[in-house]
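Structure record follows, encoded as C-alpha cells.
The values are calculated or read from the model by the stated rules, or taken from the named source; none is laboratory data. Everything quoted here is computed from the prediction, not taken from an experiment. Every residue, glycine among them, receives a Cβ derived from its backbone with ideal geometry; neighbour counts consider all protein chains shown. For the accessible areas, the whole protein counts, side chains as well, though only heavy atoms, and no ligand, DNA or RNA atoms are used. Shrake-Rupley method; radii C 1.70, N 1.55, O 1.52, S 1.80 Å.
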Amino acid sequence: MSKPRDSFNFHSLLHSADLVHDYLHLQLSTSNLSPQQARVIKALNRMGPLSQIELAREFNIAAASMSTMTKRLIALNYVSSERDPHNAKRNLISLTTEGEALVEFIDEAWKDVDRYLEKKIGADNLEKLSELTRLLRDSLGGRIPGS
C-alpha cells in the first residue's frame, strides 16, 4: 500500500527552502550572519549606500524589520550609518571595510550551496529548479534587490 501524497503542492517547496536555508546558515556561521543579512550585505555592495527605508523597499519588508537587521549589522561592524551629506534628515547605510571583505566570503558560501544542491539532485535538475524558482519569484512579484 502506498503512502498518501501530501495534497499541498507548496509543502515540499517550503520544507526544501528551510533545509537549504539551514545549510546556508551553517556556511555563514563563522561570520555571525544570517542568510537575510548576507543578502543585505550583497545588496549594499551592488547598490551602494542606501537609507533603511530604501533598503526595506528593496527587500519588500517593513522598515522596522530592516532597522532591526541594520542595528545588528552595525553592532557586528559590517555596516555603518552616516548622515547623508545631501539631506541632513536622512542616514545612509553603507558597508564598512569589514563588510566589504565579507562579499567574497558570502559569494563562496552561495557557491557552496549550489555545489551541495548539484551533488544532491544533479546539474540538470539544479538548472531546471533554478529556472522554475526564478519564474515563480518573478510571477509572484519578487525581484533581486537593486534590479
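Out of the trypsin sites (Lys or Arg not before Pro) in the range 2-67, which ones are loop residues according to DSSP with at most 15 other C-beta atoms within 10 Å?
Working: sites: R5, R39, K42, R46, R57; in loops: R5.
Sites meeting the loop and neighbour criteria: R5.
For S94 and N32, the difference between the fully extended length at 0.36 nm per residue and the C-alpha to C-alpha distance is 20.5 nm. Can you tell me how the range 10-67 classifies by the Cα gyration tensor, rounded, prolate or oblate, using a/c under 1.5 as the rounded cut? Here the range 10-67 falls in the oblate category.
Summing Cβ point charges (Lys, Arg +1; Asp, Glu -1) relative to the Cα centre of the chain gives a dipole of roughly 440 debye.
As a calculated quantity, the FRET efficiency between E131 and S65 at R0 = 41 Å, using C-beta atoms, amounts to about 0.85. Only DSSP H runs of four or more residues enter the estimate; each adds -39500 (n - 2.57), and after division by the residues of the chain the mean residue ellipticity at 222 nm equals -21500 deg cm²/dmol. Computed over protein heavy atoms with a 1.4 Å probe, the accessible surface of the chain works out to 69 Å² per residue.
Does a label point 7 Å from the Cα of S12, set along Cα-to-beta-carbon, have any residues of the range 90-125 with amide nitrogen under 19 Å, and which are they? Residues 117-125 qualify, since their backbone N sits under 19 Å from the label point.
Comparing Cα centroids, the range 94-116 and the range 52-79 end up 18 angstrom apart. Of the solvent-accessible surface of the range 86-147, computed with a 1.4 Å probe and all protein chains present, 53% belongs to carbon and sulfur. Seen from all directions on average, the chain presents a Cα convex hull projection of 11.2 nm². The alpha-carbon of K89 sits under 23 angstrom from the alpha-carbons of these lysines, leaving out residues fewer than 8 places away in its chain: K71. Here K111 is the anchor, and the lysines within straight C-alpha reach of less than 27 Å, apart from those fewer than 8 places off in the same chain, are K42, K119, K120, K128.
What a 1.4 Å probe finds exposed on the range 22-73 is 50% carbon and sulfur by accessible area, rounded to a whole percent.
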